[in-house]
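*Asks:* One structure, as structure tokens, below. Some questions next.
Just so you know, all these numbers are worked out from the coordinates, no wet-lab data involved. All values reported here derive from a predicted model rather than from experimental measurement.
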Amino acid sequence: MAQPGQHLTDREAALLTEYELIRNEVKKMGGLIADINAEELDELTQSMRSVEQKLALVYTVFRSSIYAHLSQQDVVSQTNDGASIYSEQFQTNCPPFN
């Protein structure tokens, strides 16, 4: 650490010791991150792809069900509108069919 001929105070020596400990911990963390990236990254990526595909499928099914529901509402609405137009055009004394 110290060069020959340099004299460090106790504070400076303690500070350098702490810096060295922190450097070693950061180095260990870097090694752990590299190991995780090398070993588990492919597995995590595959899992995320699977989740993404399932989510896309659920989204598609949800959208199609909403479309079917709205289409059904339009058909019912048009049927009701058509019946009211028909009943206004052709009035009879006969009771309506139910």
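*Asks:* Gap in Å between the Cα centre of region 48-66 and the Cα centre of region 8-24?
*Replies:* Cα centroid of region 8-24 versus Cα centroid of region 48-66: 55 Å apart.
*Asks:* Let me test this: with uniform point scatterers at the alpha carbons of region 14-81, what is the Debye-based log₁₀ I(q)/I(0) at q = 0.18 1/Å?
*Replies:* Debye curve over Cα of region 14-81, log10 I(q)/I(0) at q = 0.18 Å⁻¹: -0.82.
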